[in-house]
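Peer 1: If you scroll down you'll find the structure; I have some questions about it.
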Amino acid sequence: MTPRIVGTWGELAATILIWGFYFLRLIQSAGSGYLAEAGFARAMGLHFGLSVAASILAAILIGFAVELFDKRDRRSRRNDAEAWAGLRATRLAHGVTVAALMILIGLGLALGAFAGLGTAERAGTMLAGLMDNGLVLAAHIGVLVLILAEIAHYGALITYLSAGRR
């Protein structure tokens, strides 16, 4: 396996571990009633921030390791330099999209965390007893969709890289 494939597997594993643990904690917090009692900012705010920071740090470290070890594979890099240029452009555009979505999700979380306890009840949501805040629920659905998109992206990238090396 090339360093790029290993790095992509690492990014996939890091995404699943970091965000899987986050959503597990969110479900536990909502199920116990602590999230509704304390509010999102106090119950999960720090954990959300740490998850975002861990994701960014993992991506930086894995990217650095791939570039460090991939320098030994210069022959194959020269052969498909055009394909990698297209992939880098796609990843840059993907990064901008992810940043914009994270800003929107962050705004949703911030609004949801401080919108008041009766927001979900006024909206008529079925999960009012668990989340007690419809905006927090909506923001987490957005986070979940983003994470599932990332997992699909890494899966497609692994398939692309593996097919190109056979």
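Peer 1: Under the Karplus relation 6.51 cos²θ - 1.76 cosθ + 1.60, θ = phi - 60°, what is the ordered set of whole-Hz ³J(HN,Hα) values for region 13-30, x standing for Gly and Pro?
Peer 2: Result, rounded to whole Hz: 5, 5, 4, 5, 5, 5, 7, x, 5, 4, 5, 4, 5, 4, 5, 4, 5, 5.
Peer 1: Using a 7 Å offset from the Cα along the Cα-to-Cβ direction at both Gln28 and Val145, what is the distance between the two label points in nm, to one decimal?
Peer 2: Going by the 7 Å Cα→Cβ label model, 2.8 nm.
Every number here is computed from the coordinates shown, using simple stated rules; none is lab data. Not measured: the values here are computed from a predicted model. No Cβ is skipped: glycine too gets one built from the backbone with ideal geometry, and neighbour counts run over all protein chains shown.
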